[in-house]
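Asker: One structure follows; several queries about it will come next.
All of the numbers you see were taken from the coordinates with simple rules; none came from a lab. Note that this is a predicted model, so its numbers are computed, not measured. Cβ coordinates were reconstructed from backbone atoms using ideal geometry, including for glycine residues, and neighbour counts include every protein chain displayed.
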Amino acid sequence: MWIYKSVSLKDHNTFNLDYKAEVAIRVKTFREASSLFNGEISLKKPILTVGSGSNILFTEDFQGTIIFPQIGGIRIVNQKGNEIIVSAGAGVIWDNLVEWCVERGFGGIENLSYIPGTVGAVPVQNIGAYGVEAGESIIKVKAVSIADGSSRTFTNEDCHFGYRNSIFKEAEKGKYLITRVWFKLYSNPVFRLNYGSLNEIVNKTGGVNLKNVRQAVISIRQNKLPDPEVIGNAGSFFKNPVVKKTISDKLVKEFPEIPVYKDPSGGIKLAAGWLIEKCGWKGKQAGDAGVHEKQALVLVNHGNASGKDILILSERIQESVFDKFGIRIEREVEVI
């Protein structure tokens, strides 16, 4: 365990915002995580867990303790017939896990390739892309209580997964440090290719198999989303809103070209990027805070924007979408 004071967060958030944390702690094992909260160490509160910082917008210095879980290790826990159980430490880079599984012929998360972040953040956000959500593959999550260092295992049902949501963002928000996640994967997976242009690109890549699906997803994401190493961003800043069919029917009559998708909840999912673009925001800047020129769902830092600049821009976008369409879009990124 390593404890630091007055730590720059610039390399720990993908907006590249240069705020500081009063205290920062790196945790490398489950035992360290447990001992951190059992009363032996006095921690400056509030406490915030940060993986790679790919879904966070800092707006000021953090006057508390930030914990960076760096628990590693990918393991095959069990393999029976078509089913494989794989576990990964919270500090494992998510795309490294996806690549590791694809290389071994384990399918189920290949559509989630190239999403930034660490494994520990995956069940919190219930990340999703191209018709697949991580919660469909997660079977359990091991975590440590921040209150007393005790261990708890959450089953899939316990996690209450929803669209970009989980119990870790609602009832148990800020109460647990995730240490390890278990996934159920398949040696003979059912491919999900009916989202956008994915099927077409997979076939152009050379046919349907795990490696080609992964490569197609990476290609799409690289063409559509900016690289945080080049320009600060946190990927999709807003969630796609899910509305009642009566509302979507009304919008389709007024805007026949609006993209609509059936959602597992029974509602209709709208494309937030399309709504934002139709409000004229695509490629626009407000100082150094801006909307990406290729994808209106992505807010970017052109160099010297502050977190508050980006937050204000996001609020202006939310207001304009509501004014034009009567739809309230929610932030996917967590504002600190």
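Asker: If the viscosity is 0.692 mPa s and the temperature 37 °C, what Stokes-Einstein diffusion coefficient in µm²/s follows for the chain when Rh is the Kirkwood radius over Cα pairs? The partial results should precede the final answer.
Answerer: Working: Rh = 20.9 Å.
Translational D for this selection: 157 µm²/s.
Asker: Nearest-5 percent of antiparallel DSSP beta bridges in segment 45-128?
Answerer: For segment 45-128, the DSSP antiparallel bridge percentage is about 70.
Asker: What distance in nm lies between label points placed 7 Å from Cα along the C-beta direction at R31 and Y4?
Answerer: Simple spin-label model gives 2.5 nm for this pair.
Asker: Among the aspartates and glutamates, select those whose C-alpha is under 19 Å from the C-alpha of K28, and discard any that sit fewer than 8 residues away in the same chain.
Answerer: D11, E40, D148
Asker: In addition: Below 8 Å between Cα atoms, with a sequence gap of 6+, how large is the relative contact order for the chain in percent? Write down the numbers at each step before the final one.
Answerer: Working: 719 pairs, mean separation 55.0, N = 336.
Relative contact order for the chain comes out at 16 percent.
Asker: Tabulate in residue order the Karplus-calculated ³J(HN,Hα) for segment 237-249, using 6.51 cos²θ - 1.76 cosθ + 1.60 with θ = phi - 60°, rounded to whole Hz; enter x for Gly and Pro.
Answerer: 7, 10, 7, 6, x, 10, 10, 5, 4, 4, 6, 5, 4
Asker: Taking the Cα centre of segment 74-186 as origin, sum charge times position over the Cβ atoms of Lys and Arg (+1) and Asp and Glu (-1), and report the length of that vector in debye to the nearest 20. Before the final figure, lay out each step's value.
Answerer: Numbers: 12 positive and 12 negative charges, 62 e Å.
Here the size comes out at about 300 debye.
Asker: Just to be sure I understand: with springs between alpha-carbon atoms less than 10 Å apart, which residue in E157, E257, E133 has the highest mean-square fluctuation in the Gaussian network model of the chain?
Answerer: Maximum among the listed residues: E257.
Asker: Taking only C-alpha pairs under 8 Å that are 6+ residues apart, what is the relative contact order of segment 135-269 in percent?
Answerer: Numbers: 121 pairs, mean separation 21.6, N = 135.
RCO, segment 135-269: 16 percent.
Asker: Still on this structure, I have one more. Among T29, V86, G117, whose Cα lies farthest out toward the positive end of the dipole of the chain, if unit charges sit on the beta carbon of Lys, Arg (+1) and Asp, Glu (-1)?
Answerer: In the chain, that residue is V86.
Asker: Read phi for every residue in segment 311-328 and hand back ³J(HN,Hα) as whole Hz from Karplus 6.51 cos²θ - 1.76 cosθ + 1.60, θ = phi - 60°, with x for Gly and Pro.
Answerer: Whole-Hz 3J(HN,Hα) from phi for segment 311-328: 4, 4, 4, 4, 5, 5, 5, 4, 5, 5, 5, 5, 4, 7, 10, x, 10, 9.
Asker: Could you list log10 I(q)/I(0) for segment 2-69 at q = 0.12, 0.27, 0.28 Å⁻¹, which the Debye formula gives when each Cα is one point scatterer?
Answerer: Summing over Cα pairs of segment 2-69 leads to -0.29, -1.26, -1.33.
Asker: Quick one: of K245/K324; K173/K262; K142/K269; K239/K262; K45/K140, which pairs are farther than 20 Å apart, Cα to Cα? Could you put the intermediate results ahead of the total?
Answerer: Numbers: K245/K324 18 Å; K173/K262 29 Å; K142/K269 31 Å; K239/K262 15 Å; K45/K140 28 Å.
From K245/K324; K173/K262; K142/K269; K239/K262; K45/K140, over 20 Å: K173/K262; K142/K269; K45/K140.
Asker: Over the Cα atoms of segment 67-147, how large are the radius of gyration and the largest Cα-Cα distance (Dmax), in Å?
Answerer: Rg then Dmax for segment 67-147, in Å: 12.5, 41.
Asker: Mind putting together the pair-distance distribution for segment 232-335? All Cα pairs, 10 Å bins, whole percent per bin, short to long.
Answerer: That works out to 16, 48, 27, 9, 0, in percent per bin.
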